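**Q** Attaching a single structure in structure tokens format; questions to follow.
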Amino acid sequence: MIEIGAQVELSHPAERVWRALTDRELLGRWFAEAEMVEGVPDRMLLHTGGLPGFEADVEVEVTERQEPDLLVLACDEAGRLSELTCTVTATKQGCRLELREVSTHGAWSVEQHESREQQLRQALTVRLPAILDWIAFQQVDLRRADGGMTTELPLIGVGGGAGRNPRRRRTLVAVVAGAVLVAGTAAWVTLPPDSKPAAAPAPTATASPTVTAGRTTATPTATPSTRPTRTTASATTRPSRTPSAKPSRTPVSAAPPPPPAPMVARYETDSSRLFGYTGEIVVGNPGGAPVADWAVVVTLAEGTTVDDVDGANWRQDGRAITFTGAAVAAGGSRTISFDVRDSRPKAREPESCTIGGQPCAGL
């Protein structure tokens with residue numbers, strides 16, 4: 001038995017997701033064009049023949065329906081049979097959509113299995129959320145009357161998880177069937193331990209020779225000093241002795257090895273849509289050794305939340321999202337992709353992005 005499955009958290013009510021799964025026109029917008037089979041109300045033909053992982057169009061028939069929680073479809077792709085189950089579970093943020101397709105006759109090749117699963121994830125994490133956002137926007141009456149807005153703009157919640165964006169399926173599981181089927185371099189300087197600076201020697205008076213009647217005498221010349229000194233004139237000039245400071249000995253320890261070069265990161269908005277966008281961060285290691293202890297911190301705009309992350313572990317603290325992951329090889333890089341839901345129709349990019357305290361490029 002071969003199985004393809006996906007589970008996604010959505011910031012929309014179950015009824016809206018159910019509509020995207022069962023409405024033929026909506027299904028064609030985010031997954032594949034569909035048409036009803038004449039005379040059979042619960043049967044539909046999905047035009048999936050040109051999609052990755054599909055060899056032909058898929059005919060689906062509803063075998064069980066519990067609106068808006070459960071939809072079970074029997075699928076026939078040119079004689080290859082499977083059963084697709086769509087389960088919608090309400091959550092605090094919206095709902096959870098789980099898709100599971102099991103082959104009942106025939107099998108997919110490894111390449112076909114991978115392509116179908118990738119197609120399903122793409123539909124669920126990119127196109128379906130955009131359709132749900134569009135439906136939500138259409139349901140909002142922005143006209144102002146004496147009483148203000150006739151309805152409130154729906155608040156798009158966030159679901160933190162380790163999978164990609166969920167995509168909604170059409171009634172006929174066409175949605176399901178289709179989907180289913182488908183840190184600058186720092187230099188270290190060794191400094192001697194703190195020591196008190198040696199006091200400079202006090203200046204002393206120095207005798208200046210003066211010639212008088214054929215003999216040399218010393219004429220004292222006053223030189224500023226911290227305290228008075230005595231100068232004795234003699235028949236001959238004697239050089240004055242000026243004490244000099246002896247160099248202090250400072251123990252020199254072996255210089256530690258230089259630290260690894262700091263990690264760098266670049267942010268980019270990969271795609272944007274109504275009520276959300278997909279962000280991408282490329283983490284780079286320009287140094288000559290692997291770096292395992294790295295973290296990227298992204299601060300989201302007010303009213304936005306992360307819906308799904310791919311390529312890193314993550315945790316959320318208020319509006320701050322911290323991404324961590326496996327060691328990045330010397331000269332290597334790692335790509336992080338994350339989907340964001342925004343409570344406003346025009347999505348807003350993150351307020352900041354840092355790695356090791358340094359700002360990411362591109363933001």
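The values are calculated or read from the model by the stated rules, or taken from the named source; none is laboratory data. Remember, it's a predicted structure, so these values are computed and weren't measured experimentally. Note that each Cβ is placed from the backbone with ideal geometry, even for glycine, and that neighbours are counted across all protein chains shown. Remember, those area values only see protein heavy atoms, side chains included, never the ligands or the DNA or RNA. Shrake-Rupley method; radii C 1.70, N 1.55, O 1.52, S 1.80 Å.
**Q** Could you please let me know if R121 is basic (K, R), at pLDDT 80 or above and crowded, with 17+ Cβ neighbours inside 10 Å?
**A** Against the criterion (basic (K, R), at pLDDT 80 or above and crowded, with 17+ Cβ neighbours inside 10 Å), R121 qualifies.
**Q** Hey, can you tell me all the residues within the range 96-124 that are assigned to a helix (DSSP H, G or I) and of a type in the set (A, V, I, L, M)?
**A** Matches in the range 96-124: V110, L120, A123, L124.
**Q** Which of the residues belonging to the range 293-305 are at pLDDT 90 or above and assigned to a strand (DSSP E or B)?
**A** V296, V297, V298, T299
**Q** Restricting the search to the range 50-63, which residues are open to solvent by 20 Å² or more (accessible area, probe 1.4 Å), touching a Ser or Thr at 6+ places or on another chain (Cβ under 6 Å) and modelled with pLDDT of 90 or more?
**A** Scanning the range 50-63 gives a single hit, D57.
**Q** Condition check: more than 21 Å from S11 (Cβ to Cβ), in a strand (DSSP E or B) and modelled with pLDDT of 90 or more. Does T278 satisfy that?
**A** Judged against the criteria, T278 is not a match.
**Q** Is it the case that the range 82-94 has a residue that's under 26 Å from the mean Cα position of the chain (by Cα), modelled with pLDDT of 85 or more and crowded, with 20+ Cβ neighbours inside 10 Å?
**A** yes
**Q** Those residues that are assigned to a loop (DSSP other than H, G, I, E, B) and open to solvent by less than 40 Å² (accessible area, probe 1.4 Å), I need them from the range 323-338; list them, please.
**A** Result: G325, G332.
Every residue, every condition in (1) surrounded by 16 or more Cβ atoms within 10 Å (Cβ to Cβ); (2) modelled with pLDDT of 90 or more; (3) touching a strand residue (DSSP E or B) at 6+ places or on another chain (Cβ under 9 Å), yes or no:
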| site | (1), (2), (3) |
| --- | --- |
| A6 | yes, no, yes |
| A14 | yes, yes, yes |
| L21 | yes, yes, yes |
| E35 | no, no, yes |
| D42 | no, no, yes |
| T48 | yes, no, yes |
| R65 | yes, yes, yes |
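**Q** For G28, indicate whether it is surrounded by fewer than 23 Cβ atoms within 10 Å (Cβ to Cβ), small (G, A, S) and under 17 Å from W108 (Cα atoms).
**A** No; evaluated as a whole, the condition is false for this residue.
**Q** Which residues, taken from the range 339-363, are under 12 Å from the mean Cα position of the chain (by Cα) and assigned to a strand (DSSP E or B)?
**A** Across the range 339-363, the qualifying residues are D339, V340, S352, C353, T354, I355.
**Q** Applying the selection to the range 1-17, what residues are under 24 Å from F54 (Cβ atoms) and either among the polar types (S, T, N, Q) or touching an Asp or Glu at 6+ places or on another chain (Cβ under 6 Å) (or both)?
**A** Passing the criteria: I4, Q7.
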